[in-house]
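What follows is a single structure, written as structure tokens, with notes after it.
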Amino acid sequence: MSSPPLPNTGSPTSSSEVKCACRVVGLTKEYVLKSETVRALRGVSFDVPQGDYVAIMGPSGSGKSTLLNLLGCLDRPTHGNFFLGDDDVAKMSDDDLSEIRATRLGMVFQSYNLIQQLTVVENIEVPLTYQRFGSSGSRRQRCRELAALVGLGDRLGHRPMQLSGGQQQRVAIARSLVNDPYFILADEATGNLDSVTTEEILQLFERLNDQGRTIIMVTHEDDVAQHAKRVIRLRDGLVQSDEINTDRIICKGKKPSELAEMVSDGE
Ligand SMILES: Nc1ncnc2c1ncn2[C@@H]1O[C@H](COP(=O)(O)OP(=O)(O)OP(=O)(O)O)[C@@H](O)[C@H]1O
Ligand SMILES: [Mg+2]
């Protein structure tokens, strides 16, 4: 598998044909325990076109984390296919999965997962350690640009402890972009944030999506899912519904004070 060159800041597809960021076909996952086999996913299929913004929801035990682990290449399905570009991840070796994780996936977690000893720009650069492309100067420049993109251009030398929760999540989002990922996979990314900061992070996701970035987020929160273009609901390991979000909340260009009003209005 070949690694890509250093990416551009935004990457909308230029072709009129919409390509898939990922495609899952008949995905099943069984956990074999001593006394029983748990069928956590029982045949899940969907496409995520490049540029989509999908929220995955569902009650406890419906299979969200299991699906997230598969989409994040942390695990392999029992049956079915998972295509990233033209590659079927389901058939890859552990080494290939590690390489994909390191070079083409952008993960954003509830707990940010930043390295406390590193500065903002160094944290953003971490995934590039696995890349062999470009000079260290061009990699560092790329990280500075991404820090500016998420509004942290004036915080390059700060360490995570010196940042607010929302700022730390911005660093994590910039880090998730540094490898030009197939998609950003966000796992309850706003779960630790207050409602105004949540709106700011969702505004950032919206802007990145407007620039062509594909976003898949797992969330328990209806308010958060309402920002996505599409909502996939799981139930008992199956897709219960997969619908365009007709009531989508758009916070385009709103200032923090206006976001606060949206939150208090329950918009
Ligand atoms: N490692 C495992 N071994 C055995 N069973 C598992 C394992 N992981 C998950 N399961 C089972 O698979 C099913 C789906 O679990 P999963 O964690 O994907 O649900 P979830 O939708 O993420 O739930 P929650 O909202 O509570 O996090 C559950 O019945 C769970 O008990
Ligand atoms: Mg879970």
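Computed quantities for the displayed model
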read-out	value
Any hit, the range 114-124, residues being surrounded by fewer than 21 Cβ atoms within 10 Å (Cβ to Cβ) and within 16 Å of ligand 2 (Cβ to nearest atom)	no
Candidate set: the range 48-66, residues that are out of contact with any Gly (no Cβ under 9 Å at 6 or more places or on another chain) and within 11 Å of ILE232 (Cβ to Cβ); chosen: the one farthest from ligand 1 (Cβ to nearest atom)	ASP52
Any hit, the range 148-168, residues being touching a Pro at 6+ places or on another chain (Cβ under 8 Å) and not assigned by TED's automatic domain parsing to the domain that holds ARG207	yes
Answer from PRO77, PRO127 - the residue that is under 15 Å from the mean Cα position of the chain (by Cα) and more than 16 Å from ligand 2 (Cβ to nearest atom)	PRO127
Some residue of the range 177-187 being in contact (Cβ under 8 Å) with a residue 24 or more places away in the chain, part of a helix (DSSP H, G or I) and of a type in the set (Val, Ile, Thr)	no
Residue that is within 23 Å of LYS29 (Cβ to Cβ), away from ligand 1 (no atom under 16 Å from the Cβ) and not aliphatic (A, V, I, L, M), where the choices are ARG235, ARG248, ARG230	ARG230
Meets criteria (away from ligand 2 (no atom under 16 Å from the Cβ), under 18 Å from ARG23 (Cβ atoms), buried (at least 16 other Cβ atoms within 10 Å of the Cβ) and touching a residue at least 40 places away in the same chain (Cβ under 8 Å)) for LEU84	yes
Test for LEU6: is it at pLDDT 95 or above and over 15 Å from the mean Cα position of the chain (by Cα)	no
Filter result (surrounded by fewer than 20 Cβ atoms within 10 Å (Cβ to Cβ) and on the phi > 0 side of the Ramachandran plot) within the range 47-81	GLY61, GLY80
So LEU33, is it over 25 Å from LEU149 (Cα atoms), surrounded by 19 or more Cβ atoms within 10 Å (Cβ to Cβ) and modelled with pLDDT of 75 or more	no
Output for the range 18-35, where each listed residue is more than 20 Å from the chain's Cα centre (by Cα) and under 15 Å from ASP236 (Cβ atoms)	THR28, LYS29, GLU30, TYR31
Residues being part of a strand (DSSP E or B) and within 16 Å of ligand 2 (Cβ to nearest atom) - total across the range 40-68	6
Matching residues in the range 205-227 - criterion: being in contact with a strand residue (DSSP E or B) (Cβ under 9 Å, 6 or more places away or on another chain) and closer than 13 Å to ILE184 by Cα	PHE205, GLU206, LEU208, ASN209, ARG213, THR214, ILE215, ILE216, MET217, VAL218
Any chance LEU208 is of a type outside the set (S, T, N, Q), touching a Cys at 6+ places or on another chain (Cβ under 8 Å) and assigned to a helix (DSSP H, G or I)	no
Residue among VAL89, VAL126, VAL120, VAL108 that is in contact with a Phe, Trp or Tyr (Cβ under 8 Å, 6 or more places away or on another chain) and either over 30 Å from HIS158 (Cβ atoms) or touching a residue at least 40 places away in the same chain (Cβ under 8 Å) (or both)	VAL89
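The values are calculated or read from the model by the stated rules, or taken from the named source; none is laboratory data. Just so we're clear, the structure is a prediction, and the values are computed from it rather than from any experiment. Please note: Cβ atoms are built from the backbone with ideal geometry, for glycine as well, and neighbour counts cover all protein chains shown.
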